[in-house]
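The values are calculated or read from the model by the stated rules, or taken from the named source; none is laboratory data. Computed from a predicted structure; not experimentally measured. In this analysis, Cβ positions are derived from the backbone assuming ideal geometry, glycine residues included, and neighbour counts consider all displayed protein chains. Surface areas here come from the heavy atoms of the whole protein model, side chains and all, with no ligands, DNA or RNA. Shrake-Rupley method; radii C 1.70, N 1.55, O 1.52, S 1.80 Å.
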Amino acid sequence: MLTKRILNRAARSTEPVAHPTTASRTTAADAGLLLIRLTFGLLMAAHGAQKVFGLFGGPGLTRTGKGFAALGYHPGKLFATIGGLSELLGGLGLALGLLTPLAAAALIGVMINAMATVTGAHGLWETDGGVEYSVCIAVVALAVAATGPGRLAADRFFRWGEGGWKEAALALGLGGAAAAVTLAL
C-alpha cells in the first residue's frame, strides 16, 4: 500500500521527490573530506605560523627571512612573509573549506617553490631531503579543489564548493603562475 502511494505520487508529479532523511545525512565521503581538510589544512596553517609568528617552536619571520635570502629570495623577509602567509591562510582556508580553490592555489604555489628551490635537487624521498612531502601536499590540495570540500565546509553554499575541472584548473593554474612569478624574481 505504501509503495503504491509513493508510485502514484511520483507518477503525478514531474518534480523529483525529496527524501529529507537522506538529503541531510552526512556521508562518509563528507566526513572523509573533512578529515583530510582538517589534517592537511591545520598542519599547513601551523607550519605557516611557525614562519610568520615563531609559534610551535618555529623560527619566526626574521630567521625565516634570512633563510629565504640564503635561497636567493630577495628581500628575504618579504618572501618569507608571502610564503608563511600563503601556508597559514591557505591552510586555514583548506581546513574550513573556505574559498577552497584559492586556498589550494596558495598551497600548490608554495609547494612548487619548495620543490624548485629546496627539495628538488635531492630526488623523490623525504629521507634524502627530496620532494615527497611537497608533492603530497600539492596533490592533496589539488584533489580537494577538484572534488570540492564536501558538505561539511563553508563553501557548500557556493557553486565552487562542488569542485570540478574548472576549480582544479584554477587552483593549479593560479598556484603554478604565482610560483613561476616568484621564481622569476
Viscosity 1.567 mPa s, temperature 4 °C, Stokes-Einstein D of the stretch 112-185 from Kirkwood C-alpha radius, µm²/s: 96 µm²/s
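Give me D for the chain in µm² s⁻¹, whole number, from Stokes-Einstein with Rh from the Kirkwood sum over alpha-carbon pairs, 20 °C and 1.002 mPa s. Present the calculation step by step, with values, prior to reporting the outcome.
Values: Rh = 18.0 Å.
Stokes-Einstein gives a translational diffusion coefficient of 119 µm²/s.
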Computed lengthening from Cys136 to Ala28, 0.36 nm per intervening residue step minus Cα-Cα distance: 36.6 nm
Using distinct alpha-carbon pairs, which all enter the 1/r mean, Kirkwood radius of the stretch 62-131 in Å: 12.8 Å
Cβ-based net charge around Val118, under 15 Å, with every Lys or Arg adding one and every Asp or Glu removing one: -2
Förster-model FRET efficiency, 22 Å R0, Leu43 and Leu85, C-beta, rounded to 0.05: 0.85
Label point distance in nm, Ala69-Lys166, each placed 7 Å from Cα along Cα→Cβ: 4.5 nm
Neighbour-limited loop hits for trypsin sites (Lys or Arg not before Pro), the stretch 90-180 (at most 15 other Cβ within 10 Å; DSSP other than H, G, I, E, B): none
Within the stretch 42-68, backbone nitrogen closer than 12 Å to the virtual label 7 Å beyond the Cα of Thr117 toward Cβ: 64-68
Computed [θ] at 222 nm, deg cm²/dmol, the chain (DSSP H ≥ 4; -39,500 (n - 2.57); rounded to nearest 500): -22000 deg cm²/dmol
Accessible area of the stretch 30-166 belonging to carbon and sulfur atoms, whole % at 1.4 Å probe: 73 percent
